[in-house]
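The values are calculated or read from the model by the stated rules, or taken from the named source; none is laboratory data. All figures in this text were calculated on a predicted structure; none of them were measured in a lab. We place every Cβ from the backbone using ideal geometry, glycine too, and count neighbours over all the protein chains shown. The accessibility values were calculated without ligands, DNA or RNA, using every heavy atom of the protein model including side chains. Shrake-Rupley method; radii C 1.70, N 1.55, O 1.52, S 1.80 Å.
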Amino acid sequence: MALTGVSILAGSAVMNLTLIWGSCVVFGNYDISDSSTPSAMENIKKPFSLTDYGVTTDDATSYTARITILSMIPFLILQIAKLINSSSGIRVVILISLLVTLVFLFLYCFYQVFQPWIQERRLAYVTKKFVTKNLVTSLLTATGKPDESRIREVFSLLLGIKLEEAGLRNEDFVKNVLEDFDASGNGRIDETEFHRGISKWLYDANHPADNNQYDEQPKIFARTAKSEEQQRLLANKAKQQSQTAENHWFNYFKAAFLLIIGTAVLTLLAQPVIDAVDEFSSAVNIPSFTISYVVIPVAMNYREAMGAIKSARQKTKQSISLTFSEIYNGVFMNNMMGLGIFLFLVYIRNLSWDVFAEVLVILIICTLMGVLTCSSTKFPLWTAIIAYLMYPISLGLLYVLTQVAGWS
């Protein structure tokens, strides 16, 4: 059970930071040479180059990569058990690694209460996906121009959109729509402002190359109020928002409750799921190595991978930054939740385990890709080739360590 669970965790982490990461660079590439400008890109098509084409990210993306690197500390502590021969000493190492994992998970959630920029970036990522998938395509004419009649219909039905299915709360989406549509700053959107805002969304979706000068602050469709009247109205809006602070605390407690319930459900279902994986592997006569490291990670991450690639194909600095942040945040949560549940079961039930190979591969891949992203904001196409190559290399290393060297 222990081996299968951590094998799936390793396969998912490696897939996200190699295949999916590299695909985002490939599908989202545009001219990133220093000499390129929006006007030049429109008029002159430069020849293909592995160094002049690629993607760029904002500074906040590097911060999420650093968080992923920090999450490697409990994995590193767990590797110390390889050097200890006594069972009591190994249990101490497991307990320390478990406590560090839980502390990291708590600090990650607690930090976002007072510094919610990670939540805001995730909301931005989900909002852009929702707008592109559900609004943009339905509001264009056959010639690709805004359909005014459809826009008027959407204006009257906006609050009836099924936002929950896209992972958005109604109040979050309405807040972001106000920020991008309310040009007057009076807290209301008339038909003219709505038409102008929707037209802007449609233009941004169809002309992504014009939007690479992305504001690096973690906001949605950032807009700067320049006039004194707008500043005054924004100040009044901020005052009104402060009056609803108590509702935010309710949301925090609700999120914490759901997180605890989700962790409990995962813990209870871990054994049945892993047993089902083993039975499936035997029934279809596929090696358990392939099932654990390839098949299940692909099935678990397929939807996220398609969403990340679709977002990257907008070919903007903003879309790439939000997509990379989503990848690293997902890897962090999977690492902490997966390792925490694994260590809890091993410690409580005193299970036998030997997952040093999987832990080592997670350490190597997450550290290398984390360092790459936090040390630069420009990623030429050749970095995607390196990311792609790291996937078979990682699987090969896992195979050698588990099947040949006997680390399992």
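Remarks
- Tally, over segment 377-401, of residues that are under 21 Å from M72 (Cα atoms) and in contact (Cβ under 8 Å) with a residue 60 or more places away in the chain: 6
- Within segment 260-288, if we keep just the residues that are closer than 17 Å to L102 by Cβ and open to solvent by 60 Å² or more (accessible area, probe 1.4 Å), the residue that is modelled with the lowest pLDDT turns out to be L266.
- Entirely in segment 1-77, the helices (runs of 4 or more DSSP H) that have 1 or more residues that are more than 29 Å from G396 (Cβ to Cβ) and either modelled with pLDDT under 85 or small (G, A, S) (or both): 38-43, 59-70
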